[in-house]
Amino acid sequence: MEMAGLLGKTERLSVSLNIAYDVVQENGQKIEFGEIRELALQRPDRLRIMEIASHGDRGLTLFDGERITILDGDTNVYAQAPQPGDIDASIIHFVRDLQMRLPLAPLMLTKASEELQRRIQSIDYVEHTDILGAPAHHIAARTASVDFQVWIADSEQALPMRIVVTYPSDEGQPQFRADFSDWNLIPRFDKGTFEFTPPAAAKRIVFAAQLPPAPASPLPQGSRPEGAKP
């Protein structure tokens, strides 16, 4: 709760994340992919996440106070949607309504401690360790949908050093892992940090969740296409 409270009340922060995640193949084998993320957050309503995947693809997630933007640098397409409010409202809209994934979203919420208290069903203190190069508390917890472990710095600033999330209900129980570095709780952002300029020749598309539903079949009730089997 101390870690979540610190993150929730911090007005500005930046951090680097070294991420790895499992992709379960059709034969059951788990293949690990990775990416580097550079995260910048400025409350009440600015967020920027730059991503570089292990195979070189680049991406951007941006909340600029007015719009939510997603850029896929590999295909040079981007999607935008109105931003509904502050960081908390925007993250909820991003995950729930736009159906986009943001694995560490609870830690970015202003009410991060309340969100964790609401979700966590059990929690255990594993050990005190120096394995990450500095003293840390290793904690394991479970929610209704995921198991997670977090290593929290044993210092004046209780910041996360590593997080491992396991999805026990998914086939193969894949994991998401993130190592944090270069925490800065008083960063200086320039004017362009949270501005979006589309790359040259970039094509704008819509979020899949914004696509209209497929039209209903024009066939009258009780009929079927010619040659169709009952």
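The calculated pair-distance distribution of region 26-88 uses every alpha carbon pair, bins of 10 angstrom beginning at 0, and gives 21, 40, 27, 10, 2 percent. From its DSSP helices (H runs of at least four residues, each -39,500 (n - 2.57)), the chain gives a residue-normalised ellipticity at 222 nm of -2500 deg cm²/dmol. A Gaussian network model of the chain, with springs between Cα atoms under 10 Å, assigns the largest mean-square fluctuation among Gln80, Gln173, Gln25 to Gln25.
In loop segments of region 119-220 as defined by DSSP, the trypsin sites (Lys or Arg not before Pro) with at most 16 further C-beta atoms inside 10 Å of their C-beta are Arg188, Lys191. Kirkwood's formula applied to the C-alpha pairs of region 130-185 gives a hydrodynamic radius of 12.2 angstrom.
According to the Cα-based calculation, Rg over Rh for region 100-172 is 0.97, with Rh computed by the Kirkwood formula. Calculated translational diffusion coefficient of region 1-109 (10 °C, 1.306 mPa s; Stokes-Einstein with Kirkwood radius over alpha-carbon pairs) equals 106 µm²/s. Each Cα pair under 8 Å and six or more residues apart adds its separation to the average, and for the chain the resulting relative contact order is 22 percent.
For Lys111, no residue has an amide H sitting under 5 Å from its own, ignoring neighbours fewer than 5 places away on the same chain, with H placed 1.01 Å from N. Every Cα-Cα pair of region 62-149 was included, and the share exceeding 22 Å stands at 45 percent. What shape does region 147-218 take by its C-alpha gyration tensor, where a ≥ b ≥ c are the square roots of the eigenvalues and a/c under 1.5 counts as rounded, a/b above b/c as prolate, and the rest as oblate? Oblate shape, in that a/c is at least 1.5 and b/c is the bigger or equal ratio. Scattering from region 30-177 was approximated by placing one identical point on each alpha carbon and applying the Debye formula without solvent; log10 I(q)/I(0) at 0.09, 0.12, 0.19, 0.20 1/Å stands at -0.33, -0.61, -1.38, -1.44. Could you work out which residue, out of Asp190, Asp170, Asp88, moves most in a Gaussian network model of the chain, that is, has the largest mean-square fluctuation with Cα springs under 10 Å? With Cα springs under 10 Å in the chain, the top fluctuation among Asp190, Asp170, Asp88 is at Asp190. With Cα atoms defining each centre, region 52-70 and region 97-126 are spaced 21 Å apart in the structure.
No lab work stands behind these numbers, since they all come straight from the coordinates. For clarity, every value in this text was computed on a predicted model and none was experimentally measured. Note that we place each Cβ from the backbone using ideal geometry, even for glycine, and neighbour counts take in every protein chain shown.
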